[in-house]
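One structure is given below, encoded as structure tokens.
The values are calculated or read from the model by the stated rules, or taken from the named source; none is laboratory data. A quick note: this is a predicted structure, and the numbers were derived from the prediction, not measured. With ideal geometry, Cβ positions are generated from the backbone for all residues, glycine too; neighbour counts draw on all protein chains shown. With ligands, DNA and RNA removed, areas are computed over all heavy atoms of the protein, side chains included. Shrake-Rupley method; radii C 1.70, N 1.55, O 1.52, S 1.80 Å.
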Amino acid sequence: MIREVLDREPNSLELALYGVMWSEHCSYKSSRIHLRRLPTEGAHVLVGPGENAGVIDAGDGIAVAIRIESHNHPSAIEPYQGAATGVGGILRDVFTMGARPLAVMDPLFFGELSDARQRWLVEGVVSGISGYGNSVGVPTIGGELTFDDCYASNPLVNVLCCGALPTERLVLGVASGVGNLAVLLGSSTGRDGIGGVSVLASAGFDGADGAESLDDAKRPSVQVGDPYEEKRLIEACLALLDDGLVVGIQDLGGAGIVCATSETAARGGVGMDVDVSAIPLREAGMEPFEIMTSESQERMLAIITPENWDAVAKLCAKWEVRATVIGHVVEPTIDENGRAVAMLRVRQGFDGEILAEVPASSLADEAPLYDRPMSRPADLDAINADDPSDDEPVGSPNDDLLDLLVDPAWVYRQYDSQLFLNTVVGPGRDAALLRLGGPGLPYSERGIALSTDSNPRWCALDPRTGTSLTVAESVANLACVGATAKAVVNCLNFGNPEHPEVMWQLSESIDGMTEACLGLGLPVIGGNVSLYNESGGHDIDPTPVVGLLGVVESLVAPPPGWGWREGDDIVLVGTRHANSQYRFPLGGTRWATRRGRRGGHVPNFDAETLAAAIDFVAGEIASICAGVSSDVTAVHDVGAGGLATALAEMVAVSQLGAGIVELEGHAELFSEFPGRFVMTTNDVDAFVARADVAGVPVTHLGTVGGAVLRIGSMINLSVDEVASRRRGALEESLAAVG
Amino acid sequence: MSRIGVVVFPGSNCEYDAAAAVERLGDQAEFIWHTRTDLDGIDGVILPGGFAHGDYLRPGALARFSPVMAAVERFAATGGPVLGICNGFQVLVEAGLLPGALQKNRGLTFLCQPTTLVVSSTSSVLTRHARVGQELVVPINHFSGSYTCDDETYDELVRNGQIVLRYKENPNGSRDDIAGVANKAGNVVGLMPHPERAMSALLGSADGVVLFEGFLGVPLEQPALAN
């Protein structure tokens with residue numbers, strides 16, 4: 001295929017360039033034909049998928065950029081640096097658009113903590129995010145923490161970044177203007193991370209002899225991060241944009257210089273000459289292919305006019321950021337058919353020998369597309385049939401509930417979650433809520449809300465419906481802070497695409513996301529696909545992670561949280577029963593999974609019913625954010641762990657018990673399906689009347705008070721027991737000797 | 001209206017937040033790049049939080065050599081008010097403008113969480129508007145915030161009322177729960193908690209207002225802002 005493009009044999013350097021650019025990680029060659037089905041349109045969408053980040057118009061002259069990525073395989077091998085450079089990479093994607101990064105979120109997936117290696121991974125990943133994110137000066141405002149054996153040899157480290165910019169300053173990574181200069185900013189180029197996208201990100205782990213075999217051979221492909229370099233690079237790049245000194249700007253991530261130069265040239269329809277000898281190196285004796293494909297961190301490529309070079313050099317010197325002219329924008333080459341072709345030429349000196357010459361778009365956009373075979377897993381029917389919803393309860397519901405309680409505070413306490421004075425609701429709640437503000441932005445009274453969500457347990461049973469429900473769950477989380485969802489980004493973590501079952505899961509999941517986004521009126525504005533998440537031939541459960549961005553029109557008062565007050569009435573808002581063959585399905589719940597029961601069905605996705613409950617709650621909370629007084633005193637989405645878990649979390653946070661009516665058995669305690677909210681009110685009649693008008697069902701659950709959580713005859717736990725168990729669960733697991 | 005200089009080192013990251021707190025109370029904030037050698041026309045100096053010079057070597061160890069620090073030292077010597085917040089406190093300690101040192105937290109992890117501070121002395125520019133015993137909810141955000149000093153220094157701090165703020169519940173292992181100290185004259189103050197993050201009920205606490213009002217010399221009779 002390369003031979004067809006070039007009409008000759010490629011030399012070894014050219015082959016290396018195609019090798020990294022046509023890797024799964026860079027080219028999405030297995031997933032692209034499926035991703036096209038996602039809806040991407042919306043009146044407020046300024047930039048959709050395919051750019052460095054998606055961008056929406058948030059109002060008041062402010063645009064919000066958002067992006068999510070995975071750094072799974074580097075983190076499996078070297079958790080601190082893998083996670084740290086994941087943060088660094090996503091920040092560059094966002095400030096490439098001209099946006100100041102304002103928030104990071106980290107959905108993390110590990111094996112069970114009874115395994116010492118998992119504890120090492122958790123501590124390494126969390127300290128990597130903390131060490132890099134805090135120092136680089138971007139708050140980490142939330143994420144997710146999931147433990148499941150399917151991630152034991154292949155943990156997932158996803159990272160989402162959101163930034164904002166004055167709408168008129170939006171920048172795209174385009175090289176234009178023949179004669180312009182390509183300037184490499186930031187770090188020197190070394191041998192770290194060569195082939196990161198192909199060796200690491202686009203291959204599974206053999207893991208035949210257990211986790212030990214993961215490490216050593218691939219460790220040199222992991223990059224090393226320097227947050228101080230990145231911090232100065234952010235400030236320098238934003239200052240260059242403020243001063244109007246750049247034509248286009250592009251981050252250097254996977255596949256390094258070859259990726260940045262070919263993408264900017266292809267987008268601009270111009271040629272690019274890169275002088276490989278001009279690139280500042282960290283070590284002697286590097287081969288051109290190493291220089292061109294190195295993934296050394298903290299580098300950016302700026303396209304500038306020659307007249308601005310002095311100003312650019314001066315500004316970069318102030319921030320102690322290295323700036324080097326490494327390329328020239330040149331006329332496209334005219335081929336024998338008279339067509340203009342944007343060529344990427346790698347030279348030894350600008351007038352020197354041409355080491356490689358390939359059409360830029362052939363690297364950036366014309367990787368082969370695979371329509372890989374798909375098949376529904378043969379054992380899925382049997383798995384679905386083995387439904388735990390029919391199980392008789394065994395043991396004490398009290399113990400089952402305590403077993404589900406985990407406070408992730410040990411993780412998020414290590415993250416600066418408050419920088420920039422925007423954080424109204426920080427980590428550990430249903431969704432994060434920020435003021436829409438930051439250096440260089442016009443004043444706005446608006447807020448933005450962010451949530452990341454996943455449910456691999458659902459998606460293993462039914463990737464299509466599981467993904468739809470995951471989107472719904474995320475929209476419901478935003479409603480709890482008063483936000484209306486505006487856009488979706490996704491990080492699709494799947495196994496080996498060469499397994500037809502994995503391709504089927506991916507395709508189904510994309511269809512489920514499409515269905516949910518169309519049903520709920522949401523555009524997908526960006527995403528990332530991470531394949532080859534396998535080890536020893538075992539694929540992870542399908543793990544589509546969604547990141548939801550929402551807006552609160554007026555944010556002058558904090559929304560109510562999980563803390564309820566003595567004497568409040570507790571209500572369940574939304575349909576009490578699932579839309580399912582079971583009133584309270586248990587398939588895919590945390591309750592069932594903790595008992596080793598991984599089969600069953602997931603509830604149906606019903607956009608209309610979901611939207612009614614979600615819109616009602618979002619409206620109730622939004623009016624509180626706008627400063628209107630309300631009888632609503634607390635709100636919590638019913639999510640993982642079900643209704644009993646939601647109630648216990650509210651007990652733990654408020655240090656106040658509750659008396660709840662008898663429920664329909666253990667299944668209602670632990671069943672999981674979105675579109676339900678626990679809310680408290682100090683005027684239940686008024687609240688029910690408003691819900692009636694909205695056509696949303698409300699079930700009276702009980703009242704707040706006392707030092708005990710009592711749920712009918714099933715649950716009877718002291719507030720202290722609930723709170724201390726929740727508070728200590730994670731730290732006790734991490735401290736286990738083993 | 002006062003002109004407050006907010007010193008910016010490469011790697012600082014709380015400079016915008018410190019400036020916002022100053023401006024919220026009606027004063028003017030001006031960024032001072034670390035290579036500047038004068039503080040002409042400046043009425044007060046804030047060294048904000050962050051990771052000056054990447055915190056390489058150890059927090060504050062390189063920043064003390066930035067050219068601006070000689071000017072800060074002269075400014076402090078003439079009685080000018082100087083406030084170091086978090087990394088700024090670490091810089092002041094490294095520069096010898098405040099006694100003691102800041103070690104890694106007892107639990108050896110970074111900690112970002114609300115804390116309750118107890119005002120223990122009002123003889124400093126930061127705490128002069130507060131009451132002794134007053135409790136203030138102000139967040140911390142640091143890895144190396146455990147205050148330590150030798151016994152002799154400690155006795156002197158106690159004797160002179162230089163311990164200005166203590167944690168109600170010690171989060172990081174600081175000696176005697178110390179959260180903030182002042183120099184003997186009371187014009188140079190450092191604290192690990194971030195009062196600029198506690199300026200608004202919307203963000204969880206407005207208890208930092210009384211501290212900034214003191215630092216900015218807002219007349220006492222002027223009522224505190226509600227939010």
For this session: Pull out a ≥ b ≥ c, the square roots of the eigenvalues of the alpha-carbon gyration tensor of segment B:3-216, then state rounded if a/c is under 1.5, prolate if not and a/b is larger than b/c, and oblate in the remaining case.
Result: rounded
Seminar exercise, completed: Percent relative contact order for segment B:3-216, counting Cα pairs under 8 Å at least six residues apart, stands at 20
Exercise. Taking the Cα centre of chain A as the origin, how large is its charge dipole in debye, to the nearest 20, when only Lys and Arg (+1) and Asp and Glu (-1) carry charge on their Cβ atoms?
Worked result: 1100
Problem set entry | Of all DSSP beta bridges in the protein assembly as shown, antiparallel share, percent nearest 5 | 75
For this session: Once you have the Cα-Cα distance between A:ASP379 and A:VAL661, take 0.36 nm times their residue separation minus that, and quote the gain in nm to one decimal.
Result: 97.5 nm
Problem set entry | Estimated FRET transfer efficiency when R0 is 25 angstrom, pair B:GLN134-B:TRP33 (beta carbons, to 0.05) | 0.10
Problem set entry | Spacing of the two label points (7 Å from each Cα toward its C-beta) at A:SER114 and A:SER554, in nm | 5.4
Exercise. Using Cα pairs under 8 angstrom and six or more residues apart, how large is the relative contact order of segment A:558-711, in percent?
Worked result: 42
Exercise. In segment B:3-216, what percent of the accessible surface is made up of carbon and sulfur (1.4 Å probe, ligands and nucleic acids excluded)?
Worked result: 48
Problem set entry | At least 30 Å² of accessible area lost relative to the chain alone, listed for segment A:104-149 with a 1.4 Å probe | A:ASN134, A:SER135
Seminar exercise, completed: Comparing each residue of segment B:64-113 in the complete protein assembly with the chain by itself (heavy atoms, probe 1.4 Å, ligands and nucleic acids ignored), those losing at least 30 Å² of accessible area are B:THR109, B:PHE110, B:CYS112
Problem set entry | Max mean-square fluctuation residue, GNM over chain B, Cα-Cα springs under 10 Å, options B:ALA52, B:ALA61, B:ALA182 | B:ALA61
Problem set entry | segment A:27-97 versus segment A:700-738: alpha-carbon centroid distance in Å | 38
Exercise. How large, in percent, is the carbon and sulfur part of the accessible surface of segment A:418-545 at a probe radius of 1.4 Å?
Worked result: 42
For this session: Mind grabbing the accessible area of A:ASP57 for me, 1.4 Å probe, Å², rounded to tens?
Result: 70
Seminar exercise, completed: Residues from segment B:1-32 losing no less than 20 square angstrom of accessible surface in the full protein assembly compared with the chain alone, 1.4 angstrom probe, ligands and nucleic acids excluded, are B:PRO10, B:GLY11, B:ASN13, B:TYR16, B:ASP17
Seminar exercise, completed: Between the alpha carbon centres of segment A:442-519 and segment A:278-293 the gap in Å comes to 40
Problem set entry | Global geometry of segment B:1-47, whether rounded, prolate or oblate, following the gyration tensor of its Cα atoms and the 1.5 cut on a/c | oblate
Problem set entry | C-alpha long axis of helix A:684-694 to longest principal axis of chain A, angle in ° | 50
Exercise. Could you give the accessible area per residue of the protein assembly as shown, probe 1.4 Å, as a whole number in Å²?
Worked result: 33
Problem set entry | Alpha carbon convex hull of the protein assembly as shown, volume per residue in cubic angstrom | 166
Exercise. Using the alpha-carbon atoms, what tilt in degrees (0 to 90, nearest 10) does helix A:227-242 show relative to the longest principal axis of chain A?
Worked result: 70
For this session: Work out the length of the dipole vector of chain B about its Cα centre, built from +1 on the beta-carbon of each Lys and Arg and -1 on the beta-carbon of each Asp and Glu, and round it to the nearest 20 debye.
Result: 240
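Determine the percent antiparallel among the DSSP beta bridges restricted to segment B:3-216, to the nearest 5.
60
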Exercise. Points 7 angstrom from Cα along the Cβ direction at A:ASN604 and A:GLU41: gap in nanometres?
Worked result: 2.9
Problem set entry | Acute angle (nearest 10 degrees) that the helix A:256-268 long axis makes with the longest principal axis of chain A, alpha-carbon atoms | 80
Exercise. Rounded to the nearest 0.05, what FRET efficiency is calculated for B:ARG159 and A:SER724 with R0 set to 41 Å and r the Cβ-Cβ distance?
Worked result: 0.50
Exercise. In whole percent, how big is the carbon plus sulfur part of the accessible area of segment A:585-638, probe 1.4 Å, protein atoms only?
Worked result: 47
For this session: Sticking with the crude label model, points 7 Å out along Cα→Cβ, report the distance from A:ALA409 to A:GLU9 in nm, one decimal please.
Result: 6.7
Seminar exercise, completed: Note to self: C-alpha centroids of segment A:348-365 and segment B:196-219 sit apart, in Å, by 58
Exercise. Can you give the accessible area of A:LYS318, probe radius 1.4 Å, in Å² rounded to 10?
Worked result: 100
For this session: Can you pull out the buried accessible area for chains B and A, both sides counted, probe 1.4 Å, rounded to the nearest 100 Å²?
Result: 2400
Problem set entry | Dipole of segment B:3-216, positive end: most advanced residue of B:ASN170, B:LEU62, B:ALA19 [Cβ charges, Cα centre] | B:ASN170
Seminar exercise, completed: Of the candidates B:GLY5, B:GLY44, B:ILE85, the farthest towards the positive dipole end of segment B:1-107 (Lys/Arg Cβ +1, Asp/Glu Cβ -1, centred on the Cα centre) is B:ILE85
For this session: Report the extension gain between A:ASP386 and A:ALA686 in nm, rounded to one decimal, defined as 0.36 nm multiplied by the number of residues separating them, less their alpha carbon distance.
Result: 103.6 nm
Problem set entry | Hits among lysines - C-alpha to C-alpha of A:LYS29 under 26 Å, sequence gap 8 or more where chains match | A:LYS218
Problem set entry | Size of electric dipole in segment A:590-648: Cβ of Lys, Arg +1 and of Asp, Glu -1, about Cα centre, debye, nearest 20 | 720
